[in-house]
Amino acid sequence: DYVVVKMIPDNRLPPRHLHSVHTGKTFAVIKWESPYDSPDQDMLYAVAVKDLVRKTDKIYKVKTQNSTVEYTIKKLEPGGKYHVIVQLGNMSKESSMKINTVPLSAPDALKIITENDHILLFWKSLALKESNFNESRGYEIHMFDSLMNITAYLGNTTENFFKVSNLKIGHNYSFTVQARCLYSGQMCGEPATLLYDELGTGEDSSASKTGRSTDVAAIVVPVLFLLLVTLGIGFVVLYMRHRRLQNSFTAFANSHYSSRLGSAIFSSGDDLGDEDDEAPMITGFSDDVPMVIA
């Protein structure tokens, strides 16, 4: 025996499993499930987005019969902080979550140029790769002195360079450049950081070390290559000379070999160059050969 029971839908329940699927600079994709499985009619949801930085609210309405709902919240600000609330349109219990959008990227190609009594920071315009950045917003520059363990705010600019003066000899500095922070420093861009610790040479450490290593490599690699080539040629020459000497000696020994005696015969060298080269050389007598006296 069995009984089929159909539960009465409770529209006072909150949406289930509210979470963020993807977050960008100006949008966020959220997802949730209906308060109960398999709704038999369209359900109206209210999506409230509270801007925790600007202190403003926006409400969006979503009507669907799907058990799983995916919704994209648009027109957000890079680096913003938001509180999202989802509930049924009848003001039932709510589900909530917090979202932080992706901040603006760091400026590219940050570098230092040393002048007589100051340095200049240069970087590429952030508007070249960030469509949401306006040059009128500007950049702000910070400096960290590792010797004094102090971080200082140097100022802001709408240009792509900044002048820094009154640096102390022997101190190590780190400079950061980022899109200017908005609303009391709550919405900032990602910082680009550069270490500067060689005031005597007028170079930033990363550039100078990279340059020195590149110069050393440019010298050492060709020298090692030439040494390897020279050693290879030397081995080939020695091998060829060895083969020639071996072949010459073999030919010389074969030309002086006596098949009767089973050995090679060499002269003392005194008769070399004589005209009578064909005269036989008396080498001695064998015991088994009779001596005949005429």
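Just so you know, all these numbers are worked out from the coordinates, no wet-lab data involved. On a predicted model such as this, the values are computed, not experimentally measured, just so you know. Every residue, glycine as well, gets a Cβ built from its backbone with ideal geometry; the counts of neighbours run over all protein chains shown.
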* Kindly list the residues of region 179-199 that lie in the label zone of Met148, defined by a backbone N under 13 Å from the point 7 Å along the Cα-to-C-beta vector. => none
* By per-residue mean of other Cβ atoms within 10 Å, what is the highest-first order of 121-128, 239-246, 14-21? -> 121-128, 14-21, 239-246
* For region 42-189, give the magnitude of the charge dipole about the Cα centre (Cβ charges: +1 Lys/Arg, -1 Asp/Glu; no others), in debye to the nearest 20. => 500 debye
* To do: Could you let me know the centre-to-centre spacing of region 17-50 and region 175-190, using Cα atoms, in angstrom?
  => 31 Å
* Structure fact -> Dividing the alpha-carbon radius of gyration of region 108-197 by 2.2 N^0.38 Å, where N counts its residues, gives 1.09
